[in-house]
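Undergrad: Dropping a structure here in structure tokens format, bear with me for questions.
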Amino acid sequence: MSDEVKGNAQQYLTFTLSDEVYAVEVGKVKEVLEYTSVTKVPRTLDFMKGVINLRGSVVPVVDLRTKFGMPEADKTIDTSIVVMELVLAGESVVLGAIADSVKEVIDLDESQIEPSPKIGTRVNTEFIQGIGKEGEHFIIILDIDRIFTEDEIAQVSGGSAGGE
């Protein structure tokens, strides 16, 4: 049993938004759920789709398509919610992200990852950790901790519910 992938290989969960394949580090993913009805929360940001009940916990759900400036898509049998844990300002936040479909977990060695390009992607490159190459296909690796601002996360997680 020789392990050919040595050293700096990292695992990523891949998913699609539109025709693009995206990935996040497996360590950030808590679980993948079938799309379920999301309870809308009034007066929230456009990309905030609502909340779901996950075994007694309220988990906010965001639409990455909307956040990235893509048109919303109809929900299909493949639509999933990727539940992730991100860290912002030293705090751990759990949220669900709607994906058109979840593909697979892949291993990428650092030699298969290029720095993010400065032009030509639909996503603001500050969110991009790098571009992975698997065969002839490119995978946009997201830095999930940098997609949202502190203010956005406070709204999404209810952390800004202060009194006047």
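Undergrad: Considering the values (i) 19.4, 70; (ii) 25.5, 91; (iii) 16.3, 64, which represents Rg and Dmax of the Cα atoms in Å as calculated for the structure under consideration?
TA: Of the labelled values, this structure produces (iii).
Undergrad: If the cut-off is 12 Å between C-alpha atoms, which aspartates and glutamates fall inside it for LYS75, apart from same-chain ones fewer than 8 positions away?
TA: List returned: GLU34, ASP63, ASP100.
Undergrad: Go ahead and set up a Gaussian network model of the chain, Cα springs under 10 Å, then flag whichever of GLY50, GLY130, GLY69 fluctuates most.
TA: Most flexible of the set in this elastic network: GLY69.
Undergrad: Taking the chain as a Gaussian network, where each spring joins two C-alpha atoms under 10 Å apart, which residue of LEU108, LEU54, LEU95 fluctuates the most?
TA: Among LEU108, LEU54, LEU95, the largest GNM mean-square fluctuation belongs to LEU54.
Each reported figure results from applying straightforward, stated rules to the coordinates on display, with no laboratory input. Because the structure is predicted, anything quoted here is derived from the model rather than measured.
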